[in-house]
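What follows is a single structure, written as structure tokens, with notes after it.
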Amino acid sequence: MYQYFSINIIISLLTFLYISQLKTAPSRLSFRFVFIALLSWLIPYDVINTYFSSSDYTPLLPALDEFRTNVKTTLVSQISEEIQVTLQQILFVLSGLGFVIFIKDIIILKQYTSSLNARFYKNCGTVAILKSDGLDGAFCTGIINPKVYVNSALVNSPEFESVLQHELQHIKQNDNLYIAVISFIQRVLWWNPLQLILTLKARAFLELSCDEKTAQSIGKKHYQKDLATLLLNKNDTNNSSLMLSFFGKKNINLLRIKQLNKKIYMNKKHKSLIFTTALIPFIISLLVSTQSVSSNIDNADDVNLKPNQVQVVFDSHVFYNTEYAEDLDDKGKRVISRQDHKSIETNIIATLNETRKFSFGKEKEEVSFTVNQINKEQYMFDFDITYFIDGQKINLKPSLLVLKTEPASLISKKDNYRFELNIKIIQ
């Protein structure tokens, strides 16, 4: 869970920084930043880490690779696997409960719209306008076939055109789809305080952006006057989270009226902030490429192992698609000629007599192993190794005796490839 939380916290904090600098920019721009930050909480970065843990890629610059390593060394925390699994299970259960509540919200919304006994009023393009005596206010809902519901008395009021254009603008901007995604995230990640703040801001920016567009189409002064007449004495807090209601909470209503007094424009600072968002994928790639719980930092001081556990560092390599050669350079060091190389270094907490596995490379080369303790200093590793060379599946099932005080190596080679697995017991 290291990547998941660290990346999303950074993205959320960056989003808060960005929107604080975009007060005079169009609200739709701020909404996009917030919406992207919300979507980020749905991405399983720890799963993506499996891909980046392979060293198939070549760093753009040596300095870049060194910086990535420094980030890894600084940020990675060593925790036992049991803690990680337990946390994942807890969050999975909490998110599952939130998903059930989201389904319940959909059912309640359908029941509510049916109970309104709304009557057809007119069509605006492809959107049906329905009026109801039992509705207090106005809202739009629906993704595939959106509809606008309005109070029957509001239809005959002088402010009706402003309300109608506001709701139609929501539909034009596909806000019904956005609000469904936002509501889903809000329910599924209800245990996350950061997403709650982002959700509230996303909903506010949806309304503000809709107000800005509506004011441009029917006139700013006219729309602001109608908005003030309708909202100042109105506080509708019983709306479904899946609705786009014209009437919101009091603090949002006041903000909408005040926001129309501001001059909306884009300056160089706003444009530079947009440009810097291109750095976010780069930052994410750096963080994802660090090892999380299965870290390759050889510091085990903070790891509390059970009596039947052992901490092992695996350094696995496959050299292929070249004529294998092994020579000594001028300094007497071994040199391996290679064209292609994929590898992984991973730190695993293994339980005795239980099978564990890890994978690396685009073709998901897999190493499964079982470790048994012979005595205080000796451990026997039984392996089941699978890797691919030019589409050919190669399977090895060797055993290796490893001393607690000394590293050991397992090597398999032919004319065009070499597999190497280095093992070190660190606790």
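The values are calculated or read from the model by the stated rules, or taken from the named source; none is laboratory data. Keep in mind it's a predicted model, so treat the numbers as computed, not measured. With ideal geometry, Cβ positions are generated from the backbone for all residues, glycine too; neighbour counts draw on all protein chains shown.
Structural remarks
- Pairs meeting the criteria (first residue in segment 387-403 and of a type in the set (D, E), second residue surrounded by 10 or more Cβ atoms within 10 Å (Cβ to Cβ), beta carbons under 9 Å, at least 6 apart or on different chains) are D390/Y320; D390/N321; D390/N416; D390/Y417.
- Residues (outside any loop (DSSP other than H, G, I, E, B) and surrounded by 15 or more Cβ atoms within 10 Å (Cβ to Cβ)) located in segment 258-280: Q259, H270, L273, I274, I280
- Verdict on L227 being buried (at least 17 other Cβ atoms within 10 Å of the Cβ), modelled with pLDDT under 90 and closer than 20 Å to S95 by Cα: no
- Summed over segment 369-414, residues that are touching a Leu at 6+ places or on another chain (Cβ under 9 Å), more than 16 Å from F358 (Cβ to Cβ) and among the acidic types (D, E) total 1.
- Qualifying residue in segment 100-113 (condition: buried (at least 17 other Cβ atoms within 10 Å of the Cβ), more than 30 Å from P44 (Cα to Cα), among the β-branched types (V, I, T) and out of contact with any helix residue (DSSP H, G or I) (no Cβ under 9 Å at 6 or more places or on another chain)): yes
- Residue check, N353 under 14 Å from Q309 (Cβ atoms) and either over 38 Å from the mean Cα position of the chain (by Cα) or in a loop (DSSP other than H, G, I, E, B) (or both): yes
- Failed item in (1) closer than 22 Å to L168 by Cα; (2) modelled with pLDDT of 85 or more, with N261 passing the rest: (1)
- With respect to the conditions (1) under 17 Å from S209 (Cβ atoms); (2) among the aliphatic types (A, V, I, L, M); (3) surrounded by 17 or more Cβ atoms within 10 Å (Cβ to Cβ), L177 falls short on a single one, namely (3).
- Scope segment 389-410; condition more than 16 Å from V312 (Cα to Cα) and touching a strand residue (DSSP E or B) at 6+ places or on another chain (Cβ under 7 Å); matching residues: I389, K393, I394, N395, L396, K397, P398
- Subset of segment 362-387 that is within 34 Å of the chain's Cα centre (by Cα) and crowded, with 16+ Cβ neighbours inside 10 Å - its residue that is farthest from V313 (Cα to Cα): E363
- In the set S359, S343, only one residue is buried (at least 16 other Cβ atoms within 10 Å of the Cβ), modelled with pLDDT under 85, assigned to a strand (DSSP E or B) and touching a helix residue (DSSP H, G or I) at 6+ places or on another chain (Cβ under 9 Å); that residue is S359.
- Within segment 192-212, restricting attention to residues that are of a type outside the set (A, V, I, L, M) and touching a His at 6+ places or on another chain (Cβ under 9 Å), the residue that is surrounded by the most Cβ atoms within 10 Å (Cβ to Cβ) is C210.
- Residue list for segment 125-149, restricted to those being β-branched (V, I, T) and more than 36 Å from the chain's Cα centre (by Cα): I129
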